[in-house]
Amino acid sequence: MKTLPLAARINSWTFARVGVRVACFAALWCGHAVALDAAELLVGAARTTITPDEPVALSGQFHTRVAKTVESPCTANVLVLESRDGDKSLETAVMVSCDLVVIREDVQSRIRSAVAAKAPEVETQKLFVNATHTHTAPVMVEGKYVLPADGVVQPAEYVEFLVGQVSDAVVEAWNGRQPAGVSWGLGQAVVARNRRAVYADGSAKMYGRTDKPEFRGIEGFEDHDVDVLTFWDADKKPLAMAVDVACPSQEVEGRTAVNADFWHPTRDLLRKRYGQQLEVVGWCGAAGDQSPHLMYNRAAEARMLTLRGLTRLEEIARRLDAAVAEANSAARNDIRTDVPMKHLVRTLKLPIWRVTEEQNAAAQAEVDRLSKDPADRRKMNWHKTVTDRYKQQQEGDLYERQFHVVRLGDIAICTNPFELYTDYGVQIKARSKAVQTFVIQLVGEESGTYLPTVRAVGGGGYSAIPQSCPVGPEGGQALVDQTVEAINSLWDE
């Protein structure tokens, strides 16, 4: 399959300059005088389908599902940034957002290698891939589910297709980069709901019932900010934008059809508002304890959907479209063409969540019980992560993963590989020296495990137990500290 044609190509242009070209940029914020070299910004964008033509197994549940239909196509959306001083390239960032549940195994490394072979001039270490966390996208790992041998795209075949499609789109975006202006803005939309119910005995449960007498409240915070990064042409027409929402796209997670979830109708509405040329990169903020599912007020919300004549996906898209419009209506008054840009690539070094003898024994009992039925393979492997870690933790206690920090003008963009609980994202935003901080979860190799808070571990339940989490609250705090240090170093220079 070929890269989808763009509705319109980015036209070459040059912003009008007043007086001499600005060579440097200065800002005063929170008492810190900051001066970094600014440079001309080049932007490229592309999108491609990552939906195969044949039936494919879906990832995101404990049971096997094979999709024979496509309700909305899963796509990869690429944004390429380069800062230049004349003919000299100063910095780059290549950001790929995929409608997938996570980025499995070595997918990011394979995309980097494929891009390097097709466009050697691209600095592939500055390329990162995130998932929007739709639970109705193809499986990428062999052996995770029991699948038919015939008539279904196998995971290894899908990954080969995915790598080819994404690497082609990256090269297209790189070759099409053009001068652009950039703005950043902040809107709000109620999309995320904390999904952990707390009960009178102190226990917590993901999607637990809230209509029981024992229900006492929702466990944690919700972040309703919508961070918007928009790239404009000389006529103030948006060419591309990145939209960061602290909510995974899993409203229709239980279906047996390929579906990009709420990002598909959201992109449609944004293109209807701004033009079909627009490329939309979806980022999922820190949202390990969040989802779009309603925990209470279901009847009232359903009534409002009926009155509006909308589906739940369309309602979420309506809210995000309004939030982006709100942000851009103000931010378009502050479009920058000369901005400082710096991209750090570092390694998170986090203490693992050590498995106790009791936890290992309990997990081994579940492995033994579930191994008797092939249909339980997914659940068995989930418990087996605990027994494997118990054996391996004697060899070392560090969990190491790559992360990225990008400074672009007054904003910071930071990544992590987890389903990161929202409290950690709030800490990063609060302690960052950037005017606005974009937190992106589910980035890079072997992403997708939860990282819970102390409060969540106290309540227990799925997403806050060793089966769900190779790293616990101690590692969560280390992640915050290391990320904040990296961000703030770009303001301290």
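The values are calculated or read from the model by the stated rules, or taken from the named source; none is laboratory data. Keep in mind that what you see is a predicted model, and the values were worked out from it rather than measured. Backbone-built Cβ (ideal geometry, glycine too); neighbour counts: all protein chains shown.
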Breaking point among (1) part of a strand (DSSP E or B); (2) closer than 30 Å to V56 by Cβ; (3) of a type outside the set (F, W, Y), for V226: (2)
The condition from (1) over 18 Å from the mean Cα position of the chain (by Cα); (2) more than 30 Å from T92 (Cβ to Cβ); (3) in contact (Cβ under 8 Å) with a residue 60 or more places away in the chain that K384 misses is numbered (3)
Pick from the stretch 50-97 the residues that are β-branched (V, I, T) and more than 18 Å from the chain's Cα centre (by Cα): which of them is nearest to S167 (Cα to Cα)? T51
Give the stretch 442-493 a look and list any residue that's over 21 Å from the mean Cα position of the chain (by Cα) and β-branched (V, I, T), or say none. V454, V457, I465
Those residues that are assigned to a loop (DSSP other than H, G, I, E, B), more than 17 Å from the chain's Cα centre (by Cα) and buried (at least 18 other Cβ atoms within 10 Å of the Cβ), I need them from the stretch 243-264; list them, please. V252
Restricting attention to the stretch 138-160, and to residues there that are over 21 Å from the mean Cα position of the chain (by Cα) and in a helix (DSSP H, G or I), which single residue is surrounded by the fewest Cβ atoms within 10 Å (Cβ to Cβ)? A156
Of all residues in the stretch 298-315, how many are closer than 28 Å to Q441 by Cα and part of a loop (DSSP other than H, G, I, E, B)? 1
State whether one or more residues within the stretch 340-356 are surrounded by fewer than 16 Cβ atoms within 10 Å (Cβ to Cβ), more than 23 Å from I487 (Cβ to Cβ) and free of Cβ contacts under 8 Å to residues at least 12 places away in the same chain. yes
Taking the options L100, L41, name whichever one is more than 17 Å from the chain's Cα centre (by Cα) and of a type in the set (A, V, I, L, M, F, W, C). L41
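Tally time: how many residues in the stretch 166-207 are touching a residue at least 60 places away in the same chain (Cβ under 8 Å), outside any strand (DSSP E or B), over 30 Å from A119 (Cβ atoms) and of a type outside the set (D, E, K, R)?
Summing the residues that are touching a residue at least 60 places away in the same chain (Cβ under 8 Å), outside any strand (DSSP E or B), over 30 Å from A119 (Cβ atoms) and of a type outside the set (D, E, K, R) in the stretch 166-207 gives 7.
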Check A361 against each of (1) free of Cβ contacts under 8 Å to residues at least 60 places away in the same chain; (2) of a type in the set (A, V, I, L, M); (3) under 21 Å from D225 (Cβ atoms) and name the one condition it does not meet. (3)
Residue check, E219 among the charged types (D, E, K, R) and within 22 Å of F62 (Cβ to Cβ): no
Among (1) closer than 19 Å to E142 by Cβ; (2) within 20 Å of the chain's Cα centre (by Cα), R47 falls short only on (1)
Which ones in the stretch 279-338 are without any contact (Cβ under 8 Å) to a residue 24 or more places away in the chain and of a type in the set (K, R)? R298, R303, R308
Name the residue that is farthest from A412 (Cα to Cα), counting only residues in the stretch 459-493 that are of a type in the set (S, T, N, Q) and in a helix (DSSP H, G or I). Q477
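Could you identify the single residue in R271, R267 that is surrounded by fewer than 24 Cβ atoms within 10 Å (Cβ to Cβ) and assigned by TED's automatic domain parsing to the domain that holds A39? If you could, list the steps in order and put the result at the bottom.
Working: R267 fails: surrounded by fewer than 24 Cβ atoms within 10 Å (Cβ to Cβ).
Testing whether each residue is surrounded by fewer than 24 Cβ atoms within 10 Å (Cβ to Cβ) and assigned by TED's automatic domain parsing to the domain that holds A39 leaves just R271.
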Positions within the stretch 199-208 being surrounded by fewer than 24 Cβ atoms within 10 Å (Cβ to Cβ) and either hydrophobic (A, V, I, L, M, F, W, C) or under 17 Å from S463 (Cβ atoms) (or both), in sequence order: Y199, A200, G202, S203, K205, M206, Y207, G208
Neighbours by Cβ (under 8 Å, 6+ apart or cross-chain): first from the stretch 87-114, in contact (Cβ under 8 Å) with a residue 24 or more places away in the chain; second among the hydroxyl-bearing types (S, T, Y) and surrounded by fewer than 18 Cβ atoms within 10 Å (Cβ to Cβ): none
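Residue by residue, here is whether (1) in contact with a Leu (Cβ under 9 Å, 6 or more places away or on another chain); (2) in contact (Cβ under 8 Å) with a residue 24 or more places away in the chain; (3) surrounded by fewer than 22 Cβ atoms within 10 Å (Cβ to Cβ); (4) of a type in the set (V, I, T) holds:
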position	(1), (2), (3), (4)
R407	yes, yes, no, no
Q427	no, yes, yes, no
A434	yes, yes, no, no
P452	no, yes, no, no
E485	no, no, yes, no
Of all residues in the stretch 437-448 being on the phi < 0 side of the Ramachandran plot and modelled with pLDDT of 95 or more, the one that is surrounded by the most Cβ atoms within 10 Å (Cβ to Cβ): Q441
Members of the stretch 61-96 found to be at pLDDT 95 or above, closer than 30 Å to T256 by Cα and polar (S, T, N, Q), listed by number: T69, S72, T75, N77
When the residues of the stretch 386-401 are filtered to those that are surrounded by fewer than 18 Cβ atoms within 10 Å (Cβ to Cβ) and either touching a Gly at 6+ places or on another chain (Cβ under 9 Å) or not in a loop (DSSP other than H, G, I, E, B) (or both), which remaining residue is modelled with the highest pLDDT? E400
Cβ-Cβ under 9 Å pairs, at least 6 apart or on other chains, the stretch 138-159 side at pLDDT below 95, far side assigned to a loop (DSSP other than H, G, I, E, B) and β-branched (V, I, T): Y145/T64; Y145/V139; V146/T64; L147/T64; L147/V139
For the stretch 118-137, enumerate the residues that are without any contact (Cβ under 8 Å) to a residue 40 or more places away in the chain and in a helix (DSSP H, G or I). T124
